[in-house]
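First up is the structure itself, then whatever we jot down about it.
The values are calculated or read from the model by the stated rules, or taken from the named source; none is laboratory data. Source: prediction; values computed, not measured. Neighbour counts run over all protein chains shown; Cβ positions are idealised from the backbone, glycine included.
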Amino acid sequence: MSKIFTSEYRKHHSLSELEKYNGIDDDCFKGTNDLVEIEIPMSILWIGDYCFKDCTRLKSVNIPTKVTTIGDGCFKGCSSLVTINIPTTINKITYECFCACTSLVYIKIPTSITSIENECFKCCYNLKKINIPNSINAIGSNCFEECLSLKNIDIPTSINAIPDYCFYKCSALTSVTLPTTITKIGNNCFSRCAKLRVINIPSLVNEIGNNCFNDCTSLTLISLPTTISKLEDICFGNCSSLASIDIPSTVSEFGNNCF
C-alpha cells in the first residue's frame, strides 16, 4: 500500500510498524489524543496536511531522513510537543506547520530549508530560541506572531523583507538584528513588542508599514535611513518611552497618528 488513509490506524501509539507505507494522508491522525511518541518508519516519504493536528499529548516526533514533504498544519495544536527533528531532505516549513505548539522551546532549522511559510510558528508561546540559517530567502507573514518567550532574533543576509505581523505580540523580544539586505518591514511587524528597546533600521529600507512599531512601549531610540520618504499610519504609535528619533530630510509624508 502506498499510503495510510485518513481513518486507519487512529488508535496506534507508534508508527514504527507501518513500514509497508510510503506516505501518511491528510488528517490521518488528527485529534488522536493517545499518541505520545512517534517514530516514523524509514519507508515514509511524505506526511500530509494536518496529519497530526491537535494531537495534544504528543511529546516527541522523529522524522526519518527520506521524508521530503511535511504538509500544511501538520503539527498544529500539538500543545505537548517538546522535541522534533527536521531532516535535511525537507526544503520548506509549510503553512501553520508548528502553529500553537505551545510547549516547543527550541527548534533547529537545517540549511536545506529555503522558506518558512505563513503562521509557521504562530502562538508557540514557549519558543525561546530559533536559528534562521542563511539558506532561507523568505519568511511568511505572521510567522512568529505571539511567540511570547522569544527574546532574541537574528535575521540572515539572505532575507530582504520582513513580512506583515512577523513578530507581532512577541512581548519578550528585546533584541533584533536586521541585516543590511533588508528593504521592507511590513505592517504590524513589531507591533506590541513591549520589551523591544532599540532597533537599527538598515540603510536600504525604503518602506516601514502601518503600525510597524505600534505599542513598542520600551523603545527608546530609533534612527531612520535616508531611503525612507513616508512614515505610515500609527507607525510609532504609543511608543511611550521613545526619547529620540532621527528623521531624515527625505521623509516628506507622515501618516495618521504616526507618533
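Points worth noting:
- Any hit, the range 46-54, residues being under 20 Å from N22 (Cβ atoms), charged (D, E, K, R) and surrounded by fewer than 19 Cβ atoms within 10 Å (Cβ to Cβ): no
- Unique residue being buried (at least 20 other Cβ atoms within 10 Å of the Cβ), over 14 Å from the mean Cα position of the chain (by Cα) and free of Cβ contacts under 8 Å to residues at least 60 places away in the same chain when the list is C166, C189, C212, C170: C212
- Of the residues making up the range 134-146, those that are in contact (Cβ under 8 Å) with a residue 24 or more places away in the chain and surrounded by fewer than 18 Cβ atoms within 10 Å (Cβ to Cβ) are N134, S135, A138.
- Test: residue in the range 74-90 that is more than 30 Å from S218 (Cα to Cα) and charged (D, E, K, R): yes
To keep it simple, each residue is scored yes or no on (1) of a type in the set (D, E); (2) within 24 Å of C189 (Cβ to Cβ).
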residue	(1), (2)
S79	no, no
N85	no, no
C101	no, yes
E119	yes, yes
E146	yes, yes
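- Among (1) surrounded by fewer than 16 Cβ atoms within 10 Å (Cβ to Cβ); (2) at negative phi - the single one G31 does not satisfy: (2)
- Taking the criterion of being at pLDDT 95 or above and in a strand (DSSP E or B), the residues of the range 81-93 that qualify are K92, I93.
- Residue satisfying all of: in the range 192-209; within 18 Å of I153 (Cα to Cα) and β-branched (V, I, T); surrounded by the fewest Cβ atoms within 10 Å (Cβ to Cβ) among these: V198
- Matching entry among S115, S149 (being surrounded by fewer than 19 Cβ atoms within 10 Å (Cβ to Cβ), hydroxyl-bearing (S, T, Y), modelled with pLDDT of 95 or more and over 24 Å from N200 (Cβ atoms)): S115
- Enumeration of residues in the range 22-80 that are of a type in the set (A, V, I, L, M) and in a loop (DSSP other than H, G, I, E, B): L35, V36, I40, M42, I44, L45, L58, I63, V67
- Which numbered condition P163 misses (of (1) out of contact with any strand residue (DSSP E or B) (no Cβ under 7 Å at 6 or more places or on another chain); (2) at pLDDT 95 or above; (3) of a type outside the set (D, E)): (1)
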